[in-house]
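K.L.:
Can you keep this structure in mind? I'll have questions shortly.
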Amino acid sequence: MQKKAVLSISAGAALVAVLATLAIVVACAWNCRDTPESRRAARKETSKALRACQPEQVLPFLEKLVTEKSFHTWFTTCEKGESSPWCFWTLRCGSLTAVPYDYIGQLTEDQFIRFAGDGGAKPADVTRLKELLAFSDKLLKMNVLTTPAANALKERRLDGFFLSGDFDGAITYLEGEGVPSRSPAWCKGTAAKLRAHKAMEAGDKKEAVKQLLVFGEFMLSDEQKDFEDCDPTTGIVYSRDWVVARNYMRCSKMSREVGDTASADKYLFEAKKFFATAHEKAKDDKKSLDSLRAEMKEDGFALPNLPTDPKAQEKSATP
């Protein structure tokens, strides 16, 4: 009888130990669970930490995000034929990055913008851009991004090539794998623009004009009829007419410099025409309009009258 009691106590103690261990496991799993709320908090914390990084700390931070993982649990719907105590849901566990890979891609895009400069007093940080190009290449080759995220990062990489002065890398990129979200015509036109910049750097103005005209032809195609580009560093919106006017202006200046006056005058006429339509399109955007007018003034064009504010007219007409 005494032996049975001892066995009963031992069995009870074992059961308590098992239940205690199970409770600890469940508590740990609950604390490590991966939920939309935990992901949002992780994204917010990660973004804040990255913004606080000094330029030289950005690459190590991003590399750590990709390689550093921790244990998480999460629930998913059961696969067909899969049994689960919850019938419709099954518990899974494994190692996950602190934030989703797509968000790491988005953070990388943000850093391309951060180091792009503003086209004026603040120059592009070439060293950091080259680091981001190398990192983003590795991230894309891991095949962990969704298609939209990968395409967005690939397009931002093109900006990185251009802003870091790696025109050959950009041209190879465009004519090789290309940018999935862009048409072959777009890739060809952009490659021509890059060749023009490369020719300008080399002092070959005739070749630069030739390539700029190829780019301009693409900009005037039906594919680009609704073109509008907002510079993320300044907020200035460039219409198709503005881009084409600027393109013709460059062609005019370089043609005149190599003694081709007839072509220079022809391109100048086209520039004037497109600057006028660009001015009309920008009339409701003061920031873009001010920038456009400053550019026109610098190029020697007479400035059109500013659009009249109807409210101001009513106020002045009131006795």
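K.L.:
Give the residue that is surrounded by the fewest Cβ atoms within 10 Å (Cβ to Cβ), with candidates limited to residues of the range 164-178 that are in contact with a Leu (Cβ under 6 Å, 6 or more places away or on another chain) and among the aliphatic types (A, V, I, L, M).
P.N.:
Looking at residues that are in contact with a Leu (Cβ under 6 Å, 6 or more places away or on another chain) and among the aliphatic types (A, V, I, L, M), I get I171.
K.L.:
Another question about this same structure. Identify the residue in the range 121-161 that is assigned to a helix (DSSP H, G or I) and open to solvent by 70 Å² or more (accessible area, probe 1.4 Å) and, among all such residues, is farthest from C187 (Cα to Cα).
P.N.:
In this case the residue turns out to be T127.
K.L.:
Please determine, by comparing only the residues of the range 205-261 that are part of a helix (DSSP H, G or I) and among the hydroxyl-bearing types (S, T, Y), which one is farthest from R182 (Cα to Cα).
P.N.:
T261
K.L.:
Moving on to the next point. Does the range 226-236 hold any residues that are of a type in the set (V, I, T) and either over 13 Å from S288 (Cα atoms) or open to solvent by 40 Å² or more (accessible area, probe 1.4 Å) (or both), and which are they?
P.N.:
Of everything in the range 226-236, just one residue is of a type in the set (V, I, T) and either over 13 Å from S288 (Cα atoms) or open to solvent by 40 Å² or more (accessible area, probe 1.4 Å) (or both), namely T233.
K.L.:
Pull up the range 237-274, narrow it to residues that are over 22 Å from K205 (Cβ atoms) and among the hydrophobic types (A, V, I, L, M, F, W, C), then point me to the one that is least open to solvent (accessible area, probe 1.4 Å).
P.N.:
W242
The values are calculated or read from the model by the stated rules, or taken from the named source; none is laboratory data. Everything numeric in this text was worked out from a predicted model, so none of it was measured. All Cβ positions, glycine included, derive from the backbone under ideal geometry; neighbour counts span all protein chains shown. What goes into the accessible areas is simple: the full protein's heavy atoms, side chains included, and nothing from ligands, DNA or RNA. Shrake-Rupley method; radii C 1.70, N 1.55, O 1.52, S 1.80 Å.
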